[in-house]
Every structure is written in structure tokens, then in C-alpha cells.
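The values are calculated or read from the model by the stated rules, or taken from the named source; none is laboratory data. Computed from a prediction, not measured in an experiment: that's the story for all the values here. In this analysis, Cβ positions are derived from the backbone assuming ideal geometry, glycine residues included, and neighbour counts consider all displayed protein chains.
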Amino acid sequence: MQLAPAPALEVTAKTPVVTPVAATEAPPWKWSWARWAPNEGATFFWVCLIHALTITGLVLYPTPGWKLVGIAYGLFWLGGLGTTVAYHRSLAHRAVKLHPVIEFPLVFFALMNGSGTPATWSANHRLHHAHSDTPLDISSPRVGGFWWSHLRWLWQAGQAPIAKWAPDLNRGRYLFFTRMQIPMLAVSLLAGAFFGWAAFFWIGPIRLCFALHAQCVTNSVAHLNPKVGPGEDSAMNIAWMAPVQAFQGENWHENHHSQPASARLGWTWAQVDLGWCFIVACEKLGLATSVRRPTAN
């Protein structure tokens with residue numbers, strides 16, 4: 001797949017990714033954790049909020065019962081499916097075209113899982129692929145370290161310009177989700193409160209916090225390959241990450257970086273990829289078309 005062209009930025013080894021800073025200022029990965037890039041204060045507040053509420057909930061309600069855990073996990077699973085199938089494989093890479101009857105609910109659950117809007121998620125991801133593990137990569141541990149790639153970039157790198165990286169997702173039905181992001185996140189965080197305090201914590205912030213870290217390990221842990229040199233793509237396949245990500249395929253990250261246009265991330269029967277299984281099922285039902293498969297190495 002042909003991704004968007006590289007941004008016209010002049011960089012050095014210490015040039016920040018997206019955030020504009022003075023040439024004499026430290027790069028953002030050396031900032032205090034409590035400092036955010038322009039327009040990213042809300043992101044910092046959100047990350048702090050769900051972590052604080054998660055700690056509180058685990059202290060007060062460490063054993064909420066299997067029913068609540070099951071509901072929280074089910075919502076997490078649906079959100080993860082929306083992120084890997086709709087956001088990642090379909091919208092960011094155009095590796096599959098989903099029928100709106102499938103795409104709309106998947107995007108809904110991805111946004112309710114805290115993944116951001118289709119435009120913001122895809123813009124950041126396309127920039128990441130265009131400059132993987134270089135100073136222009138928005139979330140590389142090779143540039144800013146583990147915690148930069150895992151969390152800090154979310155509020156310190158600055159949003160990749162949507163007009164450059166995802167103009168196709170900044171119009172039409174996708175604008176609905178951009179406009180509805182804040183109220184949908186509020187519902188996602190608070191809806192469990194109608195069923196009691198334990199439900200509030202487990203269906204809301206605990207689920208959202210787990211979903212955040214389950215996504216972030218792909219940016220951090222899956223890019224710590226010690227066998228490659230500086231500036232080389234460090235993506236790795238990591239089997240133990242599969243249960244963390246509900247066996248939906250994102251842990252086969254080396255496969256993905258080697259063939260990003262493929263809708264299939266797990267290439268063998270042993271590389272479980274439930275996201276791919278879902279796509280194949282939709283293809284057989286006529287709800288997924290233009291499905292791109294990995295080519296022979």
C-alpha cells in the first residue's frame with residue numbers, strides 16, 4: 001500500500017517528532033511527564049483520570065464477580081476488534097474494505113474503548129509507518145525510550161496533521177465520530193455507574209485503562225528488537241502478548257511491518273489472529289471486500 005508522503009520537516013537525531021519546539025529546547029521525551037504539547041492537555045487529563053480511578057477501583061472492589069468482569073472484558077474485546085479490524089487494517093492501511101453495516105459498529109466500539117477517532121488514529125499510525133524507528137516516528141522507543149513509546153507520546157508528541165496523513169477520514173460519516181468523541185467517552189467512562197460502584201469502576205475506568213495499555217504495548221514492547229541497528233525497523237512478533245490483546249493479531253507486529261498492506265497479521269495456524277478470522281467470515285458473507293493477503297516472501 002502506498003502511504004501518505006513524508007512530511008516536509010528537516011530533522012536531526014534530537015528533533016522532536018511532531019511538537020514544534022525551539023531549537024535550543026529539550027526534545028519532548030526529555031520533558032517532565034506533566035507537560036503536554038499544544039492542544040493535548042485533555043489527553044493528559046484523560047490518561048491521569050482513568051489511571052487514578054483504576055487504582056481506586058482495584059483497592060475498593062478487587063473482586064467484583066465474574067459477571068462484571070465478563071461484561072468489562074466483552075466490551076474490551078469488541079473495542080479491540082474495532083481497533084484492529086476497522087481502524088488498523090481497513091481505514092489506516094486499506095487492506096480490506098468493510099461494508100458500513102460492519103464498519104460503523106466496529107468504529108463505535110473502538111472509540112468507546114478509548115482508541116480515538118478514525119482520523120486521529122490513522123494519521124498517527126500512517127506517520128509511524130512512514131518513519132518507523134527514526135526521529136520522525138511519533139512513538140518509537142528507539143528515539144524516546146520505553147515510556148515515551150508506551151504512553152508519553154500520547155500527550156507530548158502532538159497529533160499528526162490529519163490534513164496530511166488522513167484527509168480521507170476527515171469527511172463524510174467519519175466526521176460524526178470526530179464530533180461525538182467526547183460525549184461517547186463520557187458515556188464509556190460513566191455508564192457502569194447505573195449498576196453500582198463496582199460496575200462503575202470495572203466497566204468504566206478499569207476496562208479503559210487495560211485497553212489503553214493493551215494497545216500501547218504494540219508501540220513499546222513490540223518495537224524493542226535488540227537485533228537491529230539504529231534507524232532500522234525494530235518491530236517484533238511477540239507470542240506472549242496474544243492473550244493481552246485478546247488473540248486479535250496485533251502482537252504479530254514484525255509480520256505487519258514487513259507487509260503492512262496485508263489484512264492478515266498472523267500468517268500461520270500457530271499465530272492466532274482472530275481479527276483475520278473475523279475478516280474472512282465477513283468476506284464469506286459479502287460484508288468485506290478487497291481483502292489483501294500476505295504475499296510470499
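How about the stretch 273-293: which of its residues are in a loop (DSSP other than H, G, I, E, B) and under 28 Å from residue 213 (Cβ atoms)? The answer is 273, and nothing else. Against the test of being surrounded by fewer than 20 Cβ atoms within 10 Å (Cβ to Cβ) and over 19 Å from residue 58 (Cβ atoms), the options 196, 229, 266 yield a single qualifying residue, 229.
In contact (Cβ under 8 Å) with a residue 12 or more places away in the chain, crowded, with 16+ Cβ neighbours inside 10 Å and touching a strand residue (DSSP E or B) at 6+ places or on another chain (Cβ under 9 Å): does that describe residue 288? Yes: the conditions hold for residue 288.
For the stretch 238-253, which positions are of a type outside the set (Val, Ile, Thr) and either modelled with pLDDT under 95 or more than 9 Å from residue 265 (Cβ to Cβ) (or both)?
239, 240, 241, 242, 243, 245, 246, 247
Looking only at the stretch 173-193, residues that are surrounded by 13 or more Cβ atoms within 10 Å (Cβ to Cβ) and in a loop (DSSP other than H, G, I, E, B) come to 0 in all. For the stretch 116-150, a tally of residues being in contact with a helix residue (DSSP H, G or I) (Cβ under 6 Å, 6 or more places away or on another chain) and among the aliphatic types (A, V, I, L, M) returns 4.
Total residues in the stretch 83-111 satisfying the condition of being β-branched (Val, Ile, Thr) and in contact with a Ser or Thr (Cβ under 7 Å, 6 or more places away or on another chain): the figure is 2. Considering 222, 270, the condition of being of a type outside the set (S, T, N, Q), part of a helix (DSSP H, G or I) and at pLDDT 95 or above is satisfied by 222 alone. If you filter the stretch 235-263 down to residues that are touching a Phe, Trp or Tyr at 6+ places or on another chain (Cβ under 7 Å) and within 12 Å of residue 215 (Cα to Cα), you find that the one that is surrounded by the most Cβ atoms within 10 Å (Cβ to Cβ) is 249.
Identify, from the list 160, 199, 239, 235, the residue that is assigned to a loop (DSSP other than H, G, I, E, B), more than 25 Å from residue 35 (Cα to Cα) and either of a type outside the set (Gly, Ala, Ser) or touching a residue at least 40 places away in the same chain (Cβ under 8 Å) (or both).
235
Among the conditions (1) without any contact (Cβ under 8 Å) to a residue 40 or more places away in the chain; (2) in a helix (DSSP H, G or I), residue 32 misses just one, which is (2).
Of the residues making up the stretch 113-152, just one is of a type in the set (Phe, Trp, Tyr) and under 12 Å from the mean Cα position of the chain (by Cα), namely 121. None of 224, 190 is of a type in the set (A, V, I, L, M) and either touching a Ser or Thr at 6+ places or on another chain (Cβ under 9 Å) or within 14 Å of residue 83 (Cβ to Cβ) (or both) except 224.
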